[in-house]
Every structure is written in C-alpha cells, then in structure tokens.
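The values are calculated or read from the model by the stated rules, or taken from the named source; none is laboratory data. Being a predicted model, the structure only gives us computed values, none of them experimental. Glycine also receives a Cβ, built like all others from the backbone with ideal geometry; neighbour counts cover every protein chain displayed. Accessible surface areas use protein heavy atoms only, side chains included; no ligands, DNA or RNA. Shrake-Rupley method; radii C 1.70, N 1.55, O 1.52, S 1.80 Å.
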Amino acid sequence: GENVEQHPSTLSVQEGDSAVIKCTYSDSASNYFPWYKQELGKGPQLIIDIRSNVGEKKDQRIAVTLNKTAKHFSLHITETQPEDSAVYFCAASSRGSTLGRLYFGRGTQLTVWP
Amino acid sequence: DAGITQSPRYKITETGRQVTLMCHQTWSHSYMFWYRQDLGHGLRLIYYSAAADITDKGEVPDGYVVSRSKTENFPLTLESATRSQTSVYFCAITSVGTDTQYFGPGTRLTVL
C-alpha cells in the first residue's frame, strides 16, 4: 500500500515567519493530497487539498505544492499567527483505490511563538 | 457541517471488558471509517465501510469488530479490551463520489 512520510515532526516559528511542512509518498497512482489541521482535543479538519493535475494551490495564507515526478508535496503557511499552532497531517489517496482511502503522515506539531 | 457525532466522548474501562464506540452521521450515502490516533503513529485506519452490511479491514483491525446495519451508524466494538487499545478513536465519512474526508470529534478511550 501507500506510504506517506512527513517532516519535520515538530516545528517552531516566530509569529509572522513562514512555516513549511513536507511530505513524500510512494504510490505513483496517488492523485489526491489533503492537509488536515488538528487542534487540541478536536478532530482533524481539512484546510486545503490538491489533485495531481495541479502543481500549486493557494488559499489566503496557506498554499500547497505538488511535485509528481519527485512524489512529494508541501504545505506553506505564510505570516504565521499563534492560532496556527496545531498538529498538521498530510495524506494521500488514489481515486482508483477502495473508497478513496487516505494514508496519513505521522503529523507535524507546529508552534507559533508571539 | 458533516453532521458526525461520536459517543461517548470519554471512556475508561478495564482490561477484558467489551466496549462499543458509536459513530453517527446524517449523510444518507457515505463511506465511513474508523481510525485510531496514537503519539508517534499519526492516524491509522482500523475498519471502513462502503455501505450498510459492507465492511473491510484497514491497517490495524486486530481486536476490533464493526458492523453497519444502518447506513447512518457505524459502531466499533472492542470485544476484550487491552491496554494497547488505549487511544483516541476518530470516525470519518466521505460522500460517495468525492474525495474529501470529514472527521468526528473523537472518543478518548483508556483501558486500565
């Protein structure tokens, strides 16, 4: 099956700086790559996603890039704020796989210091 | 709002007891998933279901049983709880034909 690696496991940045989280995947058939944010005591929430026919997608301060050749994708958060502090998960799935099953990375704990 | 509820939100039980965690959703046609979340492991898939009476194993199914007699409910049962099953359990749903997966609020289970 698919294997998703995520780095770094922890990331600390100063408020206003940028944060980048990187993920690699193993299955070249994967074509959907969502990112989830999980705040303490809550379930993961989808914040942005990208499909394999797109190289980059942006939503305000959040952007995701995808390099299909290298099989990696990244989350970029600009002008970080303390409320961005959370655990972030990347995931991958293949439309051809059963039920669009997601394979998750192990998560990145992002801390934004004021 | 995907309308996913999980109950109970917190549960403490003892080794060897049977425990059932409930997931309820208000979408009539959806795929449903159970994950466990442990530090250092991220989210791991336990079981999933395409429809009523159709279920399949995920990555870590041992020690768990699921059923889906009604499309809106997807209970997860630990037939004989073990300490290694102490975890946070999340239910998730995906609408048929889409990729987006929505998560419930989770159940924190402690097995003593």
- Would you kindly find the accessible area of B:LYS57, with a 1.4 Å probe and non-protein molecules such as ligands, DNA and RNA excluded, rounding to the nearest 10 Å²? 120
- For segment B:49-54, 3J(HN,Hα) per residue [Karplus equation, 6.51 cos²θ - 1.76 cosθ + 1.60, θ = phi - 60°, Hz, x = Gly/Pro]: 9, 7, 5, 4, 6, 10
- Task: Rounded to whole Hz and in sequence order, give me ³J(HN,Hα) for segment A:9-15 from the Karplus expression 6.51 cos²θ - 1.76 cosθ + 1.60, θ = phi - 60°, writing x for Gly and Pro.
- Result: 7, 9, 8, 10, 9, 7, 3
- Find which of A:ILE77, A:VAL54, A:VAL112 sits farthest along the positive direction of the dipole of segment A:42-114, computed with +1 on the beta-carbon of Lys and Arg, -1 on that of Asp and Glu, about the Cα centre. A:VAL54
- Task: Normalising by the residue count of chain A, find the relative contact order in percent from Cα pairs under 8 Å and 6+ residues apart.
- Result: 37
- Computed magnitude of the charge dipole of chain B (debye, nearest 20; Cβ of K, R +1, Cβ of D, E -1): 320
- Going by accessible area, probe 1.4 Å, with all protein chains left in place, what is the ranking of A:THR10, A:THR108, B:THR55, largest first? A:THR10, B:THR55, A:THR108
- Would you work out the charge dipole size for the protein assembly as shown about its Cα centre, treating the Cβ of every Lys and Arg as +1 and the Cβ of every Asp and Glu as -1, and quote it to the nearest 20 debye? 320
- Query: Under a 5 Å amide H to amide H cut-off, with H placed in plane at 1.01 Å, what residues pair with A:ASP17 once short-range neighbours are removed?
  - Reply: A:THR80
- Task: May I ask you to rank B:TYR102, B:TYR48 by accessible area, largest first, using a 1.4 Å probe over the protein chains only?
- Result: B:TYR102, B:TYR48
- If you plug each phi of segment B:87-94 into the Karplus form 6.51 cos²θ - 1.76 cosθ + 1.60 with θ = phi - 60°, what whole-Hz ³J(HN,Hα) values come out, in order, with x for Gly and Pro? 5, 9, 10, 10, 9, 9, 9, 9
- Over what distance in Å are the Cα centres of segment B:42-112 and segment A:23-64 separated? 22
- Message: Run the reach check for A:LYS68 against aspartates and glutamates, Cα to Cα strictly under 19 Å, same-chain hits fewer than 8 apart removed. What comes back?
- Response: A:GLU2, A:GLU5, A:ASP27, A:ASP49, A:GLU56, B:ASP99
- Message: Along the charge dipole of the protein assembly as shown, pointing to its positive end and built from +1/-1 on Cβ of Lys, Arg, Asp and Glu, which listed residue (B:THR13, A:THR10, A:TYR25) has its Cα farthest out?
- Response: B:THR13
- Query: Can you pull the accessible area of A:VAL54 for me, 1.4 Å probe, Å² to the nearest 10?
  - Reply: 60
- Task: Give me the percent of DSSP beta bridges within the protein assembly as shown that run antiparallel, rounded to the nearest 5.
- Result: 90
